[in-house]
1. Just the residues that are under 21 Å from Pro212 (Cβ atoms), open to solvent by less than 100 Å² (accessible area, probe 1.4 Å) and not in a helix (DSSP H, G or I), please, taken from the range 2-29.
2. Looking only at the range 47-80, count every residue that is closer than 27 Å to Gly140 by Cα, basic (Lys, Arg) and in a loop (DSSP other than H, G, I, E, B) and tell me the total.
3. Taking Leu63 as the residue in question, decide whether it is in contact with a helix residue (DSSP H, G or I) (Cβ under 9 Å, 6 or more places away or on another chain) and without any contact (Cβ under 8 Å) to a residue 12 or more places away in the chain.
4. For the range 156-195, what are the residues that are among the charged types (D, E, K, R), under 18 Å from Phe52 (Cβ atoms) and modelled with pLDDT of 75 or more?
5. Filtering the range 141-163 down to residues that are outside any helix (DSSP H, G or I) and not hydrophobic (A, V, I, L, M, F, W, C), which residue is most open to solvent (accessible area, probe 1.4 Å)?
6. Residue pairs, Cβ under 8 Å, 6 or more apart or interchain, first in the range 70-99 and within 30 Å of Glu118 (Cβ to Cβ) and among the small types (Gly, Ala, Ser), second modelled with pLDDT of 95 or more and surrounded by fewer than 22 Cβ atoms within 10 Å (Cβ to Cβ). List them.
7. From the set of residues in the range 30-46 that are out of contact with any helix residue (DSSP H, G or I) (no Cβ under 7 Å at 6 or more places or on another chain) and not in a loop (DSSP other than H, G, I, E, B), which is surrounded by the most Cβ atoms within 10 Å (Cβ to Cβ)?
Amino acid sequence: YQFYIHSGFLEEIPAFRRIMILPAVAAAVRAPLLSAVEAFLERNPFCRGGTFTSGERCPTSELRKRVRYLHRKLSDLNAQPFMTELGVEIVFRSTELGTPEFNEDGKRLVMRKWSRIERGAKGEVLHHPHAHCVVFLRQGFIEPEKWSRLFDQIWAFWRHQWDGGKRGESGVIRNARECVKYVTKPAEMLKLSDEELADVARALSRLKLVQPMGTLATEIAERKAAGKRLVRVPVGRGEGRVFRDVNDWNRKGPAP
């Protein structure tokens, strides 16, 4: 149950298993992560987004292996010398199953409106696992020449389609919610049969489909260990709100 102090309203919360393809569960799990990403972007305004695909569409029977491959390759990308030397780090990934589309140049990625799950010639469900990422630039602005060279190095390493914006430009993330995606859209899930939906759930079981990485993961762990949590507080007069670390009212003190 959820009780609203001011209205006195008692709301019964539906009981769902902790399965990430359920929108209600995904929203609850990702809410604190969204706050952590928003706070990180607020403090590091030169972060930018990237979308990394994992190859051709795959059936549900190969989905688990493909998602693990995608996550492992992102970790390997983070460890590459050309990333560490330039101070570029992927600090968050959110995996989605829909199908991306590309512009005529074959490199710029545009997501379909509903990021659809498609079917093959025999009617089998096909997925296109890809990850929306937050990329942290430790030194802030990167010169266009270095940024363009980094693109070439990532293309040579990744070998699948990916999108990080235009070469030579350092566009920043405008909305953190664009990076903290659902696994797929609820409307698309309703198009699957019960058996197909169960197969997808089993394929994704216990996989970390949203994951803070590196610097952001360390920041979240340190905040938790210190008994802190994020809240938005007002600044000035009518100047909006910013994130601040405050004592977690559900904790009595730092973790032992």
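1. Hits for the range 2-29 are Ile19, Met20, Ile21.
2. 0
3. Working: in contact with a helix residue (DSSP H, G or I) (Cβ under 9 Å, 6 or more places away or on another chain): yes; without any contact (Cβ under 8 Å) to a residue 12 or more places away in the chain: no.
Against the criterion (in contact with a helix residue (DSSP H, G or I) (Cβ under 9 Å, 6 or more places away or on another chain) and without any contact (Cβ under 8 Å) to a residue 12 or more places away in the chain), Leu63 does not qualify.
4. Pass one, the range 156-195, residues among the charged types (D, E, K, R): 159, 163, 166-167, 169, 174, 177-178, 181, 185, 188, 191, 194-195.
This time we only want the ones that are under 18 Å from Phe52 (Cβ atoms), so: 159, 163, 166-167, 178, 181.
Across the range 156-195, the qualifying residues are Arg159, Asp163.
5. In this case the residue turns out to be Arg159.
6. Short answer, once both residue conditions are applied: Ser75/Met213.
7. So the first thing to find is which residues in the range 30-46 are out of contact with any helix residue (DSSP H, G or I) (no Cβ under 7 Å at 6 or more places or on another chain), and the list is 30-33, 35, 39, 42-46.
When the remaining residues are screened for being not in a loop (DSSP other than H, G, I, E, B), the result is 30-33, 35, 39, 42-43.
On the way: Arg30: 19, Ala31: 11, Pro32: 12, Leu33: 19, Ser35: 17, Ala39: 22, Glu42: 13, Arg43: 11.
Across the range 30-46, the extreme among qualifying residues is Ala39.
A quick yes/no check of all residues on (1) among the β-branched types (Val, Ile, Thr); (2) surrounded by 13 or more Cβ atoms within 10 Å (Cβ to Cβ); (3) modelled with pLDDT of 90 or more:
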| position | (1), (2), (3) |
| --- | --- |
| Arg64 | no, yes, yes |
| Val88 | yes, yes, yes |
| Leu97 | no, yes, no |
| Arg108 | no, yes, no |
| Gly120 | no, no, no |
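The values are calculated or read from the model by the stated rules, or taken from the named source; none is laboratory data. Model, not experiment: these values are computed from the prediction. Cβ sites come from the backbone with ideal geometry, for glycine too, and all protein chains shown count toward neighbours. Each accessible area value is taken on the protein alone, full model and side chains, heavy atoms only, with ligands, DNA and RNA left out. Shrake-Rupley method; radii C 1.70, N 1.55, O 1.52, S 1.80 Å.
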